[in-house]
Each structure stands twice: as structure tokens, then as C-alpha cells.
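Each reported figure results from applying straightforward, stated rules to the coordinates on display, with no laboratory input. Since this is a predicted model, take the numbers as computed values, not measurements. Reconstructed Cβ throughout: ideal geometry from the backbone, glycine too, with neighbour counts over all protein chains shown.
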Amino acid sequence: MAYIDQQQDNSRRTTAAVAVIAIHAALGYAVVSGLAMEVIEQVIDENPDGVLVLPPPPPPPPKDELVEPKPDTPTSPEVVVPVPPIPLPNPNPMDSDIFDPADVTPRDVTPIPLPDPGPPIPPARPEPKPQPSFAPVAAKPLNDQAGWVTTNDYPSRDLREGNEGTARYSLSVTRDGRVGNCSITRSSGHPGLDRATCKAIERRARFNAAIDNTGAKVSGNFTGTVTWRIPK
């Protein structure tokens with residue numbers, strides 16, 4: 001049993017020695033190559049079997065952080081094409097030695113007749129303003145016709161002679177409603193009665209003047225009859 005324990009003890013020591021040598025070799029490589037390494041103190045535990053437990057390796061970087069190098073794109077050199085000179089025309093052909101005025105042929109120009117404008121358009125006249133329209137009204141008596149001629153107007157001569165009759169008259173009425181003229185259109189048969197008829201009417205008759213279609217007062221006419229009877 002002592003031999004087996006001693007053998008296991010030697011195996012453990014050998015394993016530990018190998019681990020220590022490996023750690024020193026890694027540190028020496030880092031120092032020699034000039035790499036900046038972050039030293040993390042970790043506790044190395046040995047299991048009962050003498051196996052050294054090392055820390056897990058760091059995870060790989062994410063795919064988003066991987067940047068692929070872009071291949072260099074070859075660029076072609078810029079090509080400059082020479083521009084040929086542009087020949088300019090002679091600004092003054094008279095200065096040219098080859099210009100001959102006799103070679104210039106005048107061109108016949110036919111005038112184009114202008115269209116006939118036609119008669120002048122008269123200026124537009126303003127439309128007349130519409131006038132109010134009225135129905136014409138004839139002259140009408142303003143006072144009672146029965147009072148125009150009375151028995152008191154009977155001529156004394158015709159009264160003595162017993163003359164009677166009916167006289168028809170026509171009147172011209174002025175714009176102020178008065179009788180301008182009286183004429184007998186049919187006689188009563190007695191000149192005295194005819195004269196008495198117009199004399200009484202011209203003195204007493206009053207009218208509303210006639211009105212035309214614009215509403216203005218105008219001269220008018222009026223006709224009537226007077227019957228002479230001797231009172232009993």
C-alpha cells in the first residue's frame with residue numbers, strides 16, 4: 001500500500017511541476033513578444049486527481065463588428081483630349097481680299113399686302129336709361145259741370161223770344177287746368193245761346209290737366225253739350 005501511495009504522490013508532483021512550467025513559459029512568451037496582456041488573478045484549484053483547471057477561452061467577437069477589408073479598386077489615369085481650334089469667320093467681309101461687291105446679287109422682295117381692315121367700328125353708344133311708363137290720361141273736370149251754365153246765364157233776348165236748343169262745344173285745356181279755348185261744334189240754332197255757352201264755360205270750368213306716358217302734365221281736350229230750356 002505504501003508503494004502505491006508514494007507512486008500517486010510522485011504523479012501529483014509531476015503534474016503540478018508541468019503546470020507551473022507551462023504558466024512560466026506563457027508569461028515569458030508574452031514579455032518577449034511585447035504583447036500587452038491583462039493579468040487576471042485566478043485561483044487555480046487542483047482536483048484530487050492533480051488536473052489543473054484553466055479559465056474558459058474568451059467568446060468570439062459578434063458578426064456585426066467584423067469589417068471586411070475592401071479590395072483596392074484600380075483607377076485609370078485621366079485622358080485629356082486636345083480641343084481643335086475653331087475657325088472664326090471674318091467679321092468684316094469687306095476687309096477680305098477675295099470679296100467682290102459685284103458678286104452680290106440683290107434679292108427681289110415682294111411686299112405682302114395687308115388685309116383690308118374694313119369700315120371703322122363706331123364707338124359704342126351708351127344705352128338710354130329706361131324711363132318710367134305711364135298710361136296717358138285725358139283732361140277731366142275738377143268741379144261740377146252742372147254749375148258751369150245756369151238759368152241766370154240765359155240771354156235776355158233769347159229769353160224774350162223763347163229760343164231754346166242744345167249746343168255742343170269743344171274745349172282746349174291748358175297744363176294748369178284752365179280752358180284755353182272754346183268752340184261750338186254743333187250750334188243750338190241760336191247764335192246768342194252759342195255765345196252764352198262758351199262764355200259761361202270759359203269763366204267757370206276747371207280741369208285736372210292731361211298726363212302723357214312720362215307722367216308729365218300736357219295740354220288736352222274736352223267736349224260736352226249744354227241744353228237751353230226756358231224755366232216754367
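Would you mind counting up the charge near residue 134? Only other residues with Cβ under 13 Å from its Cβ, with Lys and Arg at +1 and Asp and Glu at -1. Show your work: numbers first, answer last.
Numbers: positive: 217; negative: 212.
My count for the surroundings of residue 134 gives 0.
By the scheme Lys and Arg +1, Asp and Glu -1, what is the net charge of all other residues having a beta-carbon under 15 Å from that of residue 175?
+2
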Exercise for the section: For residue 210, list long-range residues whose amide hydrogen, built 1.01 Å from N in the peptide plane, is under 5 Å from its own amide hydrogen. Expected result: 139, 218, 220
Handout entry: Distance in nm between pseudo-label sites at residue 133 and residue 151 (7 Å out along the Cβ direction from Cα)
Key = 5.3 nm
Practice task
At 7 Å along the Cα-to-beta-carbon direction for both residue 175 and residue 124, put a label point, then send me their distance in nm to one decimal.
Solution key: 3.6 nm
Exercise for the section: Report the label-to-label distance for residue 216 and residue 164 in nanometres (one decimal), using points 7 Å from each Cα along the Cα→Cβ vector. Expected result: 4.9 nm
Problem - J(HN,Hα) series, region 173-184, from Karplus relation 6.51 cos²θ - 1.76 cosθ + 1.60, nearest Hz, glycine and proline x - result: 9, 7, 5, 8, x, 9, 7, x, 7, 10, 9, 8
Handout entry: Cα-based shape type of region 140-228, given that a ≥ b ≥ c are square roots of the gyration tensor eigenvalues and the cut on a/c is 1.5
Key = prolate
Fill in the blank from the handout: Residues meeting the amide H criterion for residue 215 (H placed from the backbone, H to H distance under 5 Å, 5 or more places apart or on another chain) are 134
